[in-house]
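Okay, so here's the structure we're looking at.
The values are calculated or read from the model by the stated rules, or taken from the named source; none is laboratory data. Because the structure is a prediction, the values reported are computed rather than measured. Cβ placement follows ideal geometry from the backbone for every residue including glycine, while neighbour counts extend to all protein chains displayed.
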Amino acid sequence: MTKEKYLLKEVISSFDFVGTLISCEPYGSGHINDTFLLEYKIRHMGVVPIILQKMNTNIFKQPIELMENILNVTAFLREKIIENNGDPERETLTVILNKQGLPFYKDSHNQYWRAYHFITCATGYDEVKCDEDFYQSALAFGKFQRLLADYPAQTLHETIPDFHNTKARFKVFKEAVEKDIYGRAKDVLTEIQFILEREDVANVLTDMQLPLRVTHNDTKLNNVLIDDKTHQGICVIDLDTVMPGLAINDFGDSIRFGASTGAEDEKDLSLIQCDMHLFEVYTKGFIEGCDGKLTDEEIKALPLGAKVMTFECGMRFLTDYLQGDTYFKIRYPEHNLDRCRTQLKLVDDMEKKWDTMNEIVSKHNK
Ligand code: ADP
Ligand code: GN1
Ligand code: MG
């Protein structure tokens with residue numbers, strides 16, 4: 001048995017899963033956690049799937065606090081979903097406690113694991129295949145914010161300090177360029193220059209007085225599951241970064257990923273643009289999903305959220321490239337650089353389409 005399989009056996013046996021384990025395979029395309037799909041055969045019930053995740057404690061330094069956030073937020077959502085006659089088993093994550101009644105297992109190598117009910121017959125898409133899916137994801141992320149509007153934000157742990165503090169990330173970026181520990185800066189001078197010229201983009205949100213809300217902070221399309229039959233955005237997942245934050249950043253992160261005409265790691269930059277039709281589709285859905293919770297000032301600042309989140313993400317990918325790829329999972333050596341380039345291309349394109357973006361938002365600001 002390989003070391004990994006041996007460890008997985010230890011982890012699995014710490015939970016009270018019922019039935020016979022018939023498969024255990026890596027799953028999904030997240031950049032952060034190690035996700036596995038377990039399948040159990042249970043007599044009279046057929047196959048029951050479970051999500052098992054090794055949490056990334058290199059990134060999330062306080063996994064116990066993080067799980068406390070997730071238990072509290074999902075319990076709160078569960079009540080709201082029931083009040084709205086929804087199905088809490090499909091519309092929010094359900095954490096499976098281990099044999100000791102804990103929401104995580106700390107293995108013999110001090111790594112933290114957790115398990116969730118697998119939400120069946122639903123898909124997290126890596127790209128926008130049709131407008132309707134993107135619209136549904138916008139409704140779901142907007143609704144997520146609406147349902148959590150009364151949650152006492154100050155009681156949440158900050159699972160990654162300064163996660164969307166773009167000003168602080170700019171400082172870290174400049175330090176990475178100055179230290180240049182892998183000697184990579186000389187090959188990416190154009191990208192470095194593009195970022196350094198835009199310090200104002202890094203600072204703009206810190207200088208504004210937007211309301212602090214409970215936000216998701218990682219609103220990529222594949223972090224919402226879309227029901228395979230009804231095609232509705234049913235469940236917002238990946239709750240590791242739920243923290244107090246800005247609504248416009250949740251909007252913006254979805255735009256940078258989903259309104260792009262190409263993949264986040266597309267090498268051919270001529271294929272990358274911010275699609276104004278998709279921008280409008282998402283804007284409409286997000287405003288509807290928030291259902292009156294956003295202030296006029298927030299709605300007017302939505303295009304800014306898109307630009308700042310895209311800029312920040314490009315800067316984060318380049319910082320990681322310069323620091324030797326220690327944060328995001330990569331599949332090949334230049335992967336973070338390719339990702340950075342698409343984001344900077346999108347920022348450039350948004351700057352050209354700035355007036356259109358503002359017109360679209362004001363059209364839906366009713
Ligand atoms: P990461 O932080 O690495 O992105 P995620 O929590 O988003 O990790 O999980 C990775 C992928 O696993 C998701 O994109 C989704 O496809 C799948 N997934 C996670 N949780 C569930 C769940 N409860 N039910 C079904 N699929 C899930
Ligand atoms: C990560 O976990 P995942 O793959 O959904 C990252 C986001 C980035 C995104 C870029 C905790 O998201 O902030 O925007 O990659 N999550 C964390 O694809 O850093
Ligand atoms: Mg994810």
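Any residue at all in the range 331-342 that's within 16 Å of ligand 1 (Cβ to nearest atom), under 22 Å from residue 221 (Cβ atoms) and not in a helix (DSSP H, G or I)?
yes
Filter the range 21-62 down to the residues that are within 14 Å of ligand 3 (Cβ to nearest atom) and of a type in the set (Ser, Thr, Tyr) and list them by number.
27, 29, 35
For the range 98-143, which residues satisfy the criterion of being more than 15 Å from ligand 3 (Cβ to nearest atom) and within 18 Å of the chain's Cα centre (by Cα)?
128, 133, 134, 135, 136, 138, 139, 142, 143
Keeping to the range 103-156, report how many residues are of a type outside the set (Gly, Ala, Ser) and under 30 Å from residue 4 (Cα atoms).
Number satisfying all stated conditions: 20.
Considering only residues of the range 263-312 that are of a type in the set (S, T, N, Q) and surrounded by fewer than 20 Cβ atoms within 10 Å (Cβ to Cβ), which is modelled with the lowest pLDDT?
Among them, the one singled out is 295.
Given the conditions (1) within 16 Å of ligand 3 (Cβ to nearest atom); (2) touching a Pro at 6+ places or on another chain (Cβ under 7 Å), which single one is not true for residue 316?
Exception for residue 316: condition (2).
Among the helices (runs of 4 or more DSSP H) lying completely within the range 174-287, list those that include at least 1 residues that are within 16 Å of ligand 3 (Cβ to nearest atom) and in contact (Cβ under 8 Å) with a residue 24 or more places away in the chain.
247-258
Restricting attention to the range 271-287, does a residue exist that is touching a helix residue (DSSP H, G or I) at 6+ places or on another chain (Cβ under 6 Å), of a type in the set (S, T, N, Q) and within 27 Å of residue 67 (Cβ to Cβ)?
no
Would the range 326-339 turn up any residue that is of a type in the set (Lys, Arg), surrounded by 21 or more Cβ atoms within 10 Å (Cβ to Cβ) and touching a helix residue (DSSP H, G or I) at 6+ places or on another chain (Cβ under 7 Å)?
Checked the range 326-339: at least one residue is of a type in the set (Lys, Arg), surrounded by 21 or more Cβ atoms within 10 Å (Cβ to Cβ) and touching a helix residue (DSSP H, G or I) at 6+ places or on another chain (Cβ under 7 Å).
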